[in-house]
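Let me begin by presenting the structure, written as C-alpha cells, before commenting on it.
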Amino acid sequence: MGKLTELSLVVEFAGLRLRSRTMNASGVLGMSAPLLRRVYESGAGAAVTKSLGPTGRPGHSNPTVVEVEGGVLNAMGLPNPGVGYFADEVRELKREGITVVSSFFASTLKEFSESARALSEAGSDALELNLSCPNVEGEVGMCAADAASVERVTAAVKAASDKPVFVKLSPNVTDIVQIAVAAEKGGADAITATNTLKAMAIDADFRRPVLANVTGGLSGPALKPVSLRCVWEIFDAVEIPIIGCGGVSGWRDAVEYLLAGASAVQIGAAVRDGGFEVFGEVNAGVLEYMRRNSYGSVAEIVGGAHRE
Ligand code: SIN
C-alpha cells in the first residue's frame, strides 16, 4: 500500500522511462513542435507526432471531419509535411528535453527502413508504426489486416533503428490478437490499440455521404468499448506492453484501460474537444483512484480485471 506522496505515475516500459501514463494520440495536434510542446507541458508522458510519410502529402479534400453520435469521424488522408521536414521539429523538441514518439507510415520496406533511420537520427525517443489508417488503404502500406506483412514491416523497422517501436493496430480486423502476436514476433516493443474504426455518415437532405472520402475513422466515446475489448484480448496473448487508445476523455476511462491490460493510454478526440487540460486531469484522477483503492503503483492496476 502506498501513501499519496509516494504514489507515482512513472512508467518504465518498452525501454522508455515516462513521467506519466498519458500521451496524445497521433494525428491530434501533432503537426508542429509548438503544439507537441503544449501536450508535454500539460502533463503527457510523451508527445506523439502526426503520422509522417517519406514525402509530404496534401491529404484528402474537405469535408474531412464530421461529428457523429458518440464521436468524431475523420478522413484526413494522412496529410503531413514528410519525414525530412519534420525531423527538424523533432530535433527542436529534443533540445527542450521533451520525450517524442514519432509516428510514421510508408509504402515499401525500403521506405519504412529509411524513415525509421531518419526519425531515429533526429532524436526520437521511440517510433510508432502506423499500419492502420482506415482512410488510405490501398494507397500506402496500411497492412494491419495481414499478420505476415505486419511482422515483416516491424522486423524491417527494428533492423533499421535501435529505438523502441510501438505498432499501432487497427480494430477493423477479424482477429486483432493474431496481428498483435505477429507484431511481437517482428520485434515490436509495444502495441498501440487501437486506431479508428472504419465508419461513415450520410446527409439525409443532400442524400450523399458527408465525408469527401465517403468513409472515415470513428474516434471518441463510441470507440472506447471496441478498443477496450482489443486491449483485453491482446493482453492475454503477448508479453510486450500495450498502449490503450480510443475514447479516453477522463481518468475513469484511463483506469478501465489499465484494468483491461494497458500500461499507458493515448488521448485523441478529447484533446480536440476539451483542450490540453485533459492530460493533467487524467494523471491526477488516476493518482486519486490509486490512493482511494490503496494501490502502491500503477503496475498493480494493469490487467487487474483479468485476475480473480
Ligand atoms: C488520417 O489522416 O486520415 C487519419 C490518420 C490515421 O487514422 O492513422
Check: What dipole magnitude, in Debye to the nearest 20, does the chain give about its Cα centre under +1 on Lys/Arg Cβ and -1 on Asp/Glu Cβ?
Finding: 280 debye
Margin query: Please list the three semi-axes, largest first and in whole Å, of the ellipsoid equivalent to the range 125-200, using sqrt of 5 times the eigenvalues of its alpha carbon gyration tensor.
Written below: 20, 12, 11
Note to self: Skipping prolines and chain starts, which residues have an amide H placed within reach, meaning under 5 Å, of the one on LEU52, given they are 5 or more residues away or on another chain?
What the structure shows: SER103, PHE104, PHE105
Notebook entry, point to check: What are the ³J(HN,Hα) values, in whole Hz, obtained from phi via the Karplus relation 6.51 cos²θ - 1.76 cosθ + 1.60 with θ = phi - 60°, for each residue of the range 294-305 in sequence order, with x given for Gly and Pro?
Noted result: 6, 7, x, 7, 5, 4, 5, 7, 4, x, x, 6
Check: Just the accessible area for VAL65, please: 1.4 Å probe, Å², rounded to the nearest 10?
Finding: 70 Å²
Checklist line | Electrostatic dipole magnitude of the range 99-200 [Cβ: Lys, Arg +1; Asp, Glu -1; Cα centre; debye, to 20] | finding: 40 debye
Notebook entry, point to check: Taking a 26 Å limit on the Cα-Cα distance, which of the listed pairs LYS110/LYS163; LYS50/LYS198; LYS163/LYS224 fall beyond it?
Noted result: LYS163/LYS224
Item checked: Cβ-Cβ FRET estimate between ALA148 and ARG292, R0 fixed at 41 Å, reported to 0.05 -> 0.35
Note to self: Let me spell out the model: positive unit charges on the Cβ of Lys and Arg, negative unit charges on the Cβ of Asp and Glu, origin at the Cα centre of the range 126-281. What dipole size does that give, in debye rounded to 20?
What the structure shows: 240 debye
Checklist line | At most 16 other Cβ within 10 Å, DSSP loop - trypsin sites (Lys or Arg not before Pro), the range 8-88 | finding: ARG19
Item checked: For the range 148-153, Karplus couplings with θ = phi - 60° (6.51, -1.76, 1.60), whole Hz, Gly/Pro x -> 5, 5, 4, 5, 5, 5
Checklist line | Gyration tensor verdict on the range 1-100 (Cα atoms; rounded if a/c is under 1.5, prolate if a/b is larger than b/c, oblate otherwise) | finding: oblate
Note to self: Please check: in the Gaussian network model of the chain (C-alpha springs, under 10 Å), which one of ALA190, ALA264, ALA222 has the largest mean-square fluctuation.
What the structure shows: ALA222
Checklist line | the chain: Cα Rg divided by the 2.2 N^0.38 Å rule of thumb | finding: 0.93
Notebook entry, point to check: Does the range 150-308 come out rounded, prolate or oblate, given a ≥ b ≥ c as the square roots of the eigenvalues of its C-alpha gyration tensor, rounded meaning a/c under 1.5 and, failing that, prolate meaning a/b above b/c?
Noted result: oblate
Next item on the list: Quick one: grab the alpha carbon gyration tensor of the range 69-146, order the square roots of its eigenvalues as a ≥ b ≥ c, and give me rounded if a/c is under 1.5, else prolate or oblate depending on whether a/b is larger than b/c.
Entry: oblate
Check: Leaving out ligands, DNA and RNA but keeping every protein chain, what accessible area does MET31 have, in Å² rounded to the nearest 10, with a 1.4 Å probe?
Finding: 80 Å²
Note to self: Can you give me the solvent accessible area of ILE234 with a 1.4 Å probe, rounded to the nearest 10 Å²?
What the structure shows: 0 Å²
Note to self: In Å², and per residue, what accessible area does the range 187-295 have when probed at 1.4 Å with the other protein chains present?
What the structure shows: 41 Å²
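The values are calculated or read from the model by the stated rules, or taken from the named source; none is laboratory data. Predicted model only: the values in this text are computed from it and were never measured. As a convention, Cβ positions derive from the backbone with ideal geometry for all residues, glycine included, and neighbour counts pool all protein chains shown. Heads up: the accessible areas ignore ligands, DNA and RNA and are worked out on the full protein's heavy atoms, side chains in. Shrake-Rupley method; radii C 1.70, N 1.55, O 1.52, S 1.80 Å.
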